[in-house]
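Asker: First the structure, then my questions, so here it is.
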Amino acid sequence: MQSNALNISINDVTKTYGDFYALKDVSLEVKSGEFLTLLGPSGSGKTTLLMVLAGFTRPDYGSVKFGNEEVVTKPPHLRDIGMVFQNYALFPHMNVEQNIGYPQKLRGKSKSEVKESVAEALSIVKLDGLGHRGVAELSGGQKQRVALARAIVFKPQILLMDEPLSALDKKLREEMQIELRQLHDSLTMTTVYVTHDQKEALTMSDRIAVINDGELKQLGSPNEIYTNPNNAFIADFIGESSLLPAKVISNKTYLGASEIMISHPSKDDGDYLLVIRPEKLFLANGKEKDTNLFSGIVEGSIFQGESQLLVIKLDPGSFGEQSLRMRLPNGSNIGQKVPISGEKISVGLRKSDSFLVE
Amino acid sequence: MSFLNRNVSETQIRLKDRLWLYIFSILVLFLLIVPSLVVIPMSFSGSQYLEFPPKSFSLRWYEAYFFSSSDNGMGFNDWMGATWTSIKVAVLTIFVATPIGTMAAYGLSNSSARVRGILFPIMISPMAVPIILVAIGLFYFFVQFKMVNSITGLVLGHSLVAMPLVLIIVLSALRNYDMNQEKVARSLGASRLRAFFEITLPQIKFSIISACLISFLTSFDEVIISLFVSGGDNSTITRAMFLALRDQIDPTIAAISTVLIIISSGLLLLTQLFGDKKD
Ligand SMILES: Nc1ncnc2c1ncn2[C@@H]1O[C@H](COP(=O)(O)OP(=O)(O)OP(=O)(O)O)[C@@H](O)[C@H]1O
Ligand SMILES: [Mg+2]
């Protein structure tokens, strides 16, 4: 992933609207050549941060550096970044070729240079031969590709994308996720990508920056964020999870009346949440080592294609009034029978998969 | 009369059920147009006076218009001179009102709802105030700057009333325009000014053309401000007609009116054509 694309340093960036904090002391280092995703729910400040990078929003204070150059006061058109907007914003009075050639024209390139770079960009996004189409004659997916080609035709070192796939249907979106990632890998670019779709973020990113209420909540690789969320918001937002209230009393962790084992060193006394990923649970036979066992009754058993979702009501006497979700992959458990509603069940969760968040 | 049973709407209303509506509408349109059209036959009259219907026909009043002499003793230049003044002022009004109105519309559509709510009423206030007040105000204002009876004063006065119309036309075009496109252009390397001229302007050009035509018409048809701030060799045609009507009923007026109707409705038709085009 080492490349000579520009890195981005964001330092203490704060943006307020009235007394509302859209961004609060955000500091973030985007490495050279990295694919970094800003992930957060609607209204969390992702677009605001991207607009600060693009130069359309001036932060109240803080610094943004591309490489070693401070750019906070630099106007957008001098920043030399590629940008893809959510609604594509193609220019309807220009055809595909003119749209893609526009940044090159702005850079004073000769006709033949423009033509050459447009042809190259078209082939990168797999739209060869569509150069003469009008913008209105394109499908949603094709528009998206044109917008992308237009943003990379001048070989920017930094590419910013704001939910570029959200208008596409699920299948196309999943194809494009992989294509976008391949594109990033084949060009020398530092990419900052915005999405509120956690699965998309997990699929595409080198690292994910989770943002909520204008604050950076966690920064890490998809694996780190998924397996080690550092608070309940992230545990809940990323992937599926059941969050069960737990207590720590003098280095021991209790769920209801039962003591459980956790993967990390014990926390200070107080109230926490136990994070349980549905796919980490397994049907237990009582012989496993280093495993927390939960007994209960199957409340619902739902076929969902590739997996079977079980909702389990835990034994109130030992664990208190709560239920958890479990996912059994279909097909890999041949010979095992699928638990049905009303059945008594005992499920296990390895100690290494059990952790608490605040 | 089987055609009376033809359906004229999706809900299967027959022509004969709707006939009264069509007749009524035609009547209303007729009443709207006729008063202006009466002057047309009158302008071809051979008589000394304005009369309707004309008893004899001639082109003498057109002759009087097109070949008028300048010593008519009525306090304005000749008819043709006044016509040229009007055209000159109207064209100059386009060049003052359209850019200012367009810039105002651009500014408003890029500002917050609160700012827009305050500025918009102020900007269109020349439309809301009775025009005679505007005219009196302009007169005293221009006296200070020795601009009464000057083309500059007239153009400024007319631009004042044309600008709100330009503002409204361009603002409604910008409402249907996605400002994100300008953002994209700027991110791709265009300065804001360049983004406006290369991306925004081409997409609202038909509205701008409409705005130009409306500016022209507003100035060309305007009487009251002209009465106050124009005079002598810089009289507009509308002012000249007004003065002529006051002193004597001269059928030349009918000939001039006919020409003005043709010019105005021609431009209006053009405006419609451009207005219908999707920006
Ligand atoms: N110009 C503005 N004036 C006032 N508040 C604003 C402005 N722009 C953004 N905000 C507020 O800042 C917060 C963050 O907005 P932002 O657009 O960055 O959210 P987002 O994370 O991109 O959300 P989404 O996923 O819905 O696009 C929101 O609460 C929004 O209402
Ligand atoms: Mg957003």
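Asker: Over all alpha-carbon pairs of the protein assembly as shown, lay out the pair-distance distribution in 20 Å bins, whole %, shortest bin first.
Answerer: 14, 30, 27, 18, 8, 2, 0
Asker: For every other residue with a beta carbon closer than 15 angstrom to the beta carbon of A:Ser44, add +1 if it is Lys or Arg and -1 if Asp or Glu, then tell me the sum.
Answerer: So the surrounding residues net to -3.
Asker: Just to confirm the filter: which trypsin sites (Lys or Arg not before Pro) across segment A:67-124 are DSSP coil and have at most 16 other Cβ within 10 angstrom of their Cβ? Please report the intermediate quantities before stating the final value.
Answerer: On the way: sites: A:Arg79, A:Lys105, A:Arg107, A:Lys109, A:Lys111, A:Lys115; in loops: A:Arg79, A:Arg107, A:Lys109.
In loop regions of segment A:67-124 (DSSP not H, G, I, E or B), the sparsely surrounded trypsin sites (Lys or Arg not before Pro) are A:Arg107.
Asker: Another question, then. Can you give the accessible area per residue of segment A:143-186, in Å², using a 1.4 Å probe?
Answerer: On a per-residue basis, 38 Å².
Asker: Another question about this same structure. Past the 23 Å Cα-Cα mark, which pairs from A:Lys217/A:Lys267; A:Lys74/B:Lys205; A:Lys31/A:Lys74; A:Lys171/A:Lys217; A:Lys171/A:Lys280; A:Lys65/A:Lys115?
Answerer: Beyond 23 Å between Cα atoms: A:Lys74/B:Lys205; A:Lys171/A:Lys217; A:Lys171/A:Lys280; A:Lys65/A:Lys115.
Asker: Computed from the mean reciprocal separation of all distinct C-alpha pairs, what Kirkwood hydrodynamic radius does segment B:118-200 have, in Å?
Answerer: One decimal place: 15.4 Å for the Kirkwood radius.
Asker: Could you work out the local net charge near A:Gly67, counting Lys and Arg as +1, Asp and Glu as -1, over the other residues with Cβ closer than 13 Å to its Cβ? Let's see the in-between values first.
Answerer: Numbers: positive: A:Lys31, A:Lys65, A:Lys74, A:Arg79; negative: A:Glu29, A:Glu69, A:Glu70, A:Asp80.
Net charge around A:Gly67: 0.
Asker: Roughly how much of B:Thr271 is accessible, in Å² to the nearest 10, using a 1.4 Å probe?
Answerer: Estimated to the nearest 10 Å², B:Thr271 gives 10 Å².
Asker: Report the per residue volume, in Å³, of the convex hull enclosing the C-alpha atoms of chain A.
Answerer: Numbers: hull volume 63.5 nm³, N = 358.
Enclosed volume per residue, from the Cα hull, is 177 Å³.
Asker: How would B:Arg192, A:Arg173, B:Arg239, A:Arg133 rank on accessible area, largest to smallest, probe 1.4 Å?
Answerer: Largest to smallest exposure gives the sequence B:Arg192, A:Arg133, A:Arg173, B:Arg239.
Asker: With a 1.4 Å probe, how much accessible area is buried between chains A and B, both sides summed, in Å² to the nearest hundred? Walk me through the numbers before you get to the answer.
Answerer: Values: alone 17320 and 16010 Å², together 31560 Å².
Counting protein atoms only, the buried area is about 1800 Å².
Asker: If R₀ is 35 angstrom, what is the calculated FRET efficiency for the pair B:Phe141 and A:Asp213, using the beta carbon separation as r and rounding to 0.05?
Answerer: 0.05
Asker: Could you tell me which of A:Tyr254, A:Leu324, A:Leu309 has its Cα farthest along the dipole of segment A:240-357 towards the positive end, charges placed at Cβ (Lys, Arg +1; Asp, Glu -1), taken about the Cα centre?
Answerer: It is A:Leu309.
Asker: In debye to the nearest 20, how big a dipole does the protein assembly as shown give about its Cα centre with +1 on each Lys and Arg Cβ and -1 on each Asp and Glu Cβ?
Answerer: 780
Asker: What is the mean number of Cβ atoms from other protein chains located within 10 Å of the Cβ atom of each residue in peptide B:191-199, rounded to a whole number?
Answerer: 3
Asker: May I pose another question? Would you mind telling me the share, in percent, of accessible area of segment A:8-227 contributed by carbon and sulfur at probe 1.4 angstrom?
Answerer: The C+S portion of the solvent-accessible surface of segment A:8-227 is 48 percent.
Asker: With Cβ to Cβ distances under 12 Å as the rule, what net charge do the other residues near A:Tyr272 carry (K, R +1; D, E -1)?
Answerer: -2
Asker: Quick one: helix A:96-106 against the long Cα principal axis of chain A, what's the angle to the nearest 10°, folded into 0 to 90?
Answerer: Result, in degrees: 70.
Asker: Under a 1.4 Å probe, what is the accessible area of chain B per residue, stated in Å²? Let's see the in-between values first.
Answerer: Values: 15120 Å² over 279 residues.
Using a 1.4 Å probe on heavy atoms only, each residue of chain B averages 54 Å².
Asker: Test of the criteria: in segment A:248-292, which trypsin sites (Lys or Arg not before Pro) are in a DSSP loop and have at most 13 other Cβ atoms within 10 angstrom of their Cβ?
Answerer: Taking segment A:248-292 and a limit of 13 other Cβ atoms within 10 Å, the loop trypsin sites (Lys or Arg not before Pro) found are A:Lys287, A:Lys289.
The values are calculated or read from the model by the stated rules, or taken from the named source; none is laboratory data. All values derive from a computational prediction rather than experimental measurement. Ideal geometry is used to build each Cβ from the backbone, glycine not excepted, and the neighbour counts take in all protein chains shown. Heads up: the accessible areas ignore ligands, DNA and RNA and are worked out on the full protein's heavy atoms, side chains in. Shrake-Rupley method; radii C 1.70, N 1.55, O 1.52, S 1.80 Å.
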